[in-house]
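Enquirer: Below are the structure tokens for one structure; questions will follow.
Quick note: the coordinates plus some simple rules give every number you see, no bench work behind them. In this text, all values refer to a predicted model and were calculated from it rather than measured experimentally. Every residue, glycine among them, receives a Cβ derived from its backbone with ideal geometry; neighbour counts consider all protein chains shown.
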Amino acid sequence: MNQNQKFIIGVDIGGTWIRVAICTQELYEENIKTKVVNTPKEHKFSISNSVVTMISELLSENNLNKDQILGIGLACAGPLDMVTGEVFNNANLGFREIPIKQPIQEKFPDIPIYLINDCNAAVLGVHYFEASEDEKENLVYITVSTGIGGGAIVNGHLLIGKDGNAAEVGHGLVEPRSNLQCNCGAYGCWEVYSSGTGVMRRTLEAINEGNLNADILMKLVENDTSKITAKEVFQAAREGDELSEKIVDQFIFYMKVGIGLVNNFYDCTAVYFGGAMMKDKAQILPPIIEQFEKNPIIFTVNHPPKLKATIYREDIGLRGALALIKYKTENSPILDML
């Protein structure tokens, strides 16, 4: 890399992985260099310490100086307090309250750091790298992974909210009488039904109830329920497992409920999906797309959006963290609210 060039750093902190990237400010594909580690959860500073280490390694490996860095885009699973730079009431990072921005800023005091909800970052990534021109003005991104989160661009502006959590769609109530508690503490959240964690938990509960046959699933996991994840449930459903088929059907139903609410609230042209659950998009998206093409009124009053999976899958949040800094340096109106 040229020593006279300027660079952008992006960070994506999720419940399972931390991803860090460095790239030239033009964001040319071939110049994106990345590192990935499992999200550490030993103590409240584990995440920030890991991010500092990964950034330092990328700088060293590419023979770069700190003064070549234009900024660091810090995308993190929320909810966030953008004033204090902390995570609060978090469901999937190991601790309810985690200092994120300040410990990293202390190690890189002369580099501007911008903290943003990971799905707000992801929708910027879709906007910059992927969305067609007719989609860019009104665009939503939804991640379906360890949890569920969202980001929304409405009339060309990224929605932020008072704390930075304007599109916490995963904690929208989709089942008012539910006795299923989300990791956030509430009951009946969309995340309980359609996240990877929710699928796993409901599967284990259904097995304990013993009302449905799960022989195929149990064979897949060698009768060890500790090996059950959403991946095995979806595989067993493909093979005709009764219990797994029911869990997947519920997953898809509540995806329709959640997407309908999102479209009612944001009136979007397109919704892009990412996250680990999209590895099973062949099972997930076709029935949802069919619903919103043929009979959308059951779930949304507005004209239905186009529904797509991001081609960048789990990397879209990281790309969004890079796009955040690019848009910041260009004073893009998309960030007028940030």
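Enquirer: Work out the length of the dipole vector of the range 133-309 about its Cα centre, built from +1 on the beta-carbon of each Lys and Arg and -1 on the beta-carbon of each Asp and Glu, and round it to the nearest 20 debye.
Expert: 160
Enquirer: Please report, in debye to the nearest 20, how large the charge dipole of the range 179-272 is about its Cα centre when each Lys and Arg carries +1 at its beta carbon and each Asp and Glu carries -1 there.
Expert: 220
Enquirer: Give me the extension gain from Gln181 to Thr16: residue separation times 0.36 nm, minus the current Cα-Cα distance, reported in nm with one decimal.
Expert: 57.3 nm
Enquirer: Here's a follow-up. Could you give the dipole magnitude of the chain about its Cα centre, charging the beta-carbon of Lys and Arg +1 and that of Asp and Glu -1, in debye to the nearest 20?
Expert: For the chain, the charge dipole is close to 300 debye.
Enquirer: At most 13 other Cβ atoms within 10 Å and a DSSP loop assignment: could you name the chymotrypsin sites (Phe, Trp or Tyr not before Pro) in the range 163-211 that fit?
Expert: Of the chymotrypsin sites (Phe, Trp or Tyr not before Pro), not one in the loops of the range 163-211 has a Cβ with at most 13 other Cβ atoms within 10 Å.
Enquirer: Relative contact order for the chain: what is it in percent, counting Cα pairs under 8 Å that are at least 6 residues apart?
Expert: Reported relative contact order: 20 percent.
Enquirer: Now for a different question. Roughly what would the spin-label model give for His43 and Asp134, points 7 Å off Cα along C-beta, in nm?
Expert: Between His43 and Asp134, the label points sit 5.5 nm apart.
Enquirer: Which entries in Lys281/Lys308; Lys6/Lys66; Lys256/Lys279; Lys33/Lys306 show an alpha-carbon gap greater than 20 Å?
Expert: Too far apart for the 20 Å limit: Lys33/Lys306.
Enquirer: Return the FRET efficiency for the residue pair Ser226, Asn331: r is the Cβ-Cβ distance, R0 is 51 Å, and the value is rounded to the nearest 0.05.
Expert: 0.50
Enquirer: Along the principal axes of its C-alpha atoms, what lengths does the range 133-309 span, in descending order and rounded to whole Å?
Expert: Projected onto its principal axes, the Cα set of the range 133-309 covers 51, 34, 26 Å.
Enquirer: Continuing with this model, one more query. I'd like the distance separating the alpha-carbon centroids of the range 47-121 and the range 241-314, in whole Å.
Expert: Answer, in whole Å: 31.
Enquirer: Give the value in nm², to one decimal: projected area of the alpha carbon convex hull of the chain, averaged over all directions.
Expert: Average of the hull's projected areas for the chain equals 17.3 nm².
Enquirer: Now a separate question. Evaluate E = 1/(1 + (r/R0)^6) for Ala282 and Asp110, where r is the Cβ-Cβ distance and R0 equals 45 Å; express this FRET efficiency to the nearest 0.05.
Expert: 0.40
Enquirer: What shape does the range 1-148 have by the C-alpha gyration tensor, where a ≥ b ≥ c are the square roots of the eigenvalues, rounded means a/c under 1.5, and otherwise prolate means a/b greater than b/c and oblate the rest?
Expert: In terms of gyration-tensor shape, oblate.
Enquirer: Putting +1 on Lys and Arg Cβ atoms and -1 on Asp and Glu Cβ atoms, find which of Asn138, Ala166, Gly151 reaches farthest to the positive end of the dipole of the range 118-167.
Expert: After comparing all options, I get Ala166.
Enquirer: Shifting gears a bit: So what is the relative contact order for the range 182-288, in percent, with contacts set as C-alpha pairs under 8 Å and at least six apart?
Expert: After rounding, I find 27 percent.
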